[in-house]
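Each remark here refers to the structure printed beneath this line.
The values are calculated or read from the model by the stated rules, or taken from the named source; none is laboratory data. Note that the structure is predicted; figures quoted are calculated from it, not measured. Here the Cβ is made from the backbone with ideal geometry for all residues, glycine too, and neighbour counts use every protein chain on show.
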Amino acid sequence: MKAQILKMLRESEGFVSGQQLCEVLRVSRTAVWKAVNQLKEEGYQIEAVRNRGYHMVDSPDILTREELISMMDTDWAGQKIYYFDEIDSTNTCAKQLGEQGASHGTLIVAEEQSAGRGRRGRTWESPAGSSIYMSILLRPEIPPVNAPMLTLAMGLSAAEGLQEYTSLDIQIKWPNDIILNRKKLAGILTEMSTEMDCINYVIIGTGINVNMKQLPAELAKKATSLRLETGRIMRRSEIIALIMKKFEKNYQLFMENGDLRRLQEEYNNLLITREKEVRIIESQEEYDAYALGINEKGELLVRESDGTTKAISSGEISVRGIYGYA
Ligand code: ATP
């Protein structure tokens with residue numbers, strides 16, 4: 001009920017009468033009044049005026065299940081939401097839900113992660129109250145080898161959503177990082193469960209530094225948050241909803257051919273290392289090359305010093321700018 005009240009208040013320019021809310025929600029006036037009071041206690045600024053009704057003056061950065069539901073504008077992505085104040089990792093939780101049969105598009109969001117993860121067992125710093133930690137569960141009917149492309153589809157969606165929300169110059173560092181002012185703003189971690197040659201489910205986890213005022217010393221050089229770059233506090237629920245909307249669109253374009261040909265141009269336009277010298281770090285060796293852009297399979301095309309072009313796939317590889325992280 002609270003989610004519906006939030007939605008109705010936001011969609012209305014002026015006041016929404018108590019009567020209107022009662023009729024739509026099919027509850028008593030007292031029930032509406034109680035729910036509005038709870039919302040006020042949670043931090044929403046809602047004005048209540050006799051004979052006129054309720055009006056949303058301001059909604060600050062609040063992350064609750066109801067807030068997320070009220071913001072979501074999608075058909076399936078993020079239509080089923082699990083929210084946690086604290087969790088070990090949203091990806092781990094999504095996997096458990098995947099095993100229990102959770103449906104395509106289920107979204108898990110947490111205020112804090114005690115064991116946030118990056119690639120190759122690395123840690124993702126996940127303090128409370130300031131960032132986005134979310135994982136979406138997907139059940140695509142595609143060969144497992146094609147699943148890594150979904151990381152790029154989410155990377156593009158996150159970049160597009162963040163760009164639309166902030167109007168900042170958001171970029172992508174292939175394959176899985178979002179960059180702002182040459183620093184890492186967000187990371188994406190894809191994991192999956194397969195059976196024979198089929199995908200059981202894919203989990204795409206996204207961590208975004210939104211309102212962090214400060215980062216651990218060892219990260220400060222190469223990472224940043226929206227707040228550190230702009231001085232502004234942003235509404236995480238709105239960002240999540242925008243990214244889900246973009247992802248729904250991009251997922252559909254991906255599924256049309258089962259590859260990234262329809263997303264390739266947009267992705268390359270945001271690629272920070274496009275047509276730049278990069279350092280490729282593989283498990284056994286490091287070398288410099290010239291990055292051209294991704295192909296329709298999501299591989300990064302690079303030209304090596306002898307002039308040959310090769311396609312590298314994400315797996316165990318890191319790419320850096322030759323003068324620093326990005
Ligand atoms: P590479 O650039 O080597 O490919 P990566 O992008 O694959 O790295 P991930 O595994 O996605 O890195 O993320 C883990 C790494 O990200 C950590 O080792 C740490 O350096 C950095 N990191 C951890 N927490 C955060 C955070 N909140 N914001 C930005 N960077 C972080």
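Brief remarks on what is shown
- Flag for ILE136 being under 30 Å from SER318 (Cα atoms), in contact (Cβ under 8 Å) with a residue 12 or more places away in the chain and of a type in the set (Val, Ile, Thr): yes
- Pairing residues of the range 107-123 that are assigned by TED's automatic domain parsing to the domain that holds THR190 and in contact (Cβ under 8 Å) with a residue 40 or more places away in the chain with residues that are more than 6 Å from the ligand (Cβ to nearest atom) and acidic (Asp, Glu), at Cβ distances under 6 Å and at least 6 apart in sequence or on separate chains, gives GLU111/ASP85.
- ILE142 meets the conditions (1) modelled with pLDDT of 95 or more; (2) surrounded by fewer than 24 Cβ atoms within 10 Å (Cβ to Cβ); (3) assigned to a helix (DSSP H, G or I) in every case but one. The failed one is (3).
- Identity of the residue in the range 303-326, under 25 Å from LEU189 (Cα atoms) and in contact with a Lys or Arg (Cβ under 6 Å, 6 or more places away or on another chain), that ends up surrounded by the fewest Cβ atoms within 10 Å (Cβ to Cβ): ILE322
- Between MET154, MET134, MET149, MET56, the distinction of being part of a strand (DSSP E or B) and farther than 26 Å from GLN214 by Cβ belongs to MET56 only.
- Within the range 295-308, tally of residues that are in contact with a Leu (Cβ under 6 Å, 6 or more places away or on another chain) and part of a strand (DSSP E or B): 1
- Test: ASN181 is surrounded by fewer than 24 Cβ atoms within 10 Å (Cβ to Cβ), over 25 Å from GLN79 (Cα atoms) and among the polar types (S, T, N, Q): yes
- Here LEU21 passes the criteria (1) buried (at least 20 other Cβ atoms within 10 Å of the Cβ); (2) more than 26 Å from GLN252 (Cα to Cα); (3) under 19 Å from the mean Cα position of the chain (by Cα) except the one numbered (3).
- Residue that is over 22 Å from ASN91 (Cβ atoms) and β-branched (Val, Ile, Thr), where the choices are ILE188, ILE239, ILE233: ILE233
- TYR133 being aromatic (Phe, Trp, Tyr), more than 16 Å from the ligand (Cβ to nearest atom) and in the same structural domain as THR74 (by TED's automatic domain parsing): no
- Every residue from the range 59-72 that is in contact with a Phe, Trp or Tyr (Cβ under 8 Å, 6 or more places away or on another chain) and in a loop (DSSP other than H, G, I, E, B): SER59, PRO60, ILE62, LEU63, THR64
- Residues of the range 83-102 that are surrounded by 14 or more Cβ atoms within 10 Å (Cβ to Cβ), more than 15 Å from the chain's Cα centre (by Cα) and away from the ligand (no atom under 16 Å from the Cβ): PHE84, CYS93, LYS95, LEU97, GLY98, ALA102.
- From the list ILE46, ILE69, ILE87, the one residue that fits, being closer than 19 Å to PHE247 by Cβ, touching a strand residue (DSSP E or B) at 6+ places or on another chain (Cβ under 7 Å) and hydrophobic (A, V, I, L, M, F, W, C), is ILE69.
- Pair list, Cβ under 6 Å, 6 or more apart: the range 282-297 residue without any contact (Cβ under 8 Å) to a residue 24 or more places away in the chain, other residue among the charged types (D, E, K, R) and part of a strand (DSSP E or B): TYR290/GLU277; TYR290/ARG303
- In the range 47-69, of all residues being over 19 Å from MET234 (Cβ atoms) and hydrophobic (A, V, I, L, M, F, W, C), the one that is modelled with the highest pLDDT corresponds to ILE69.
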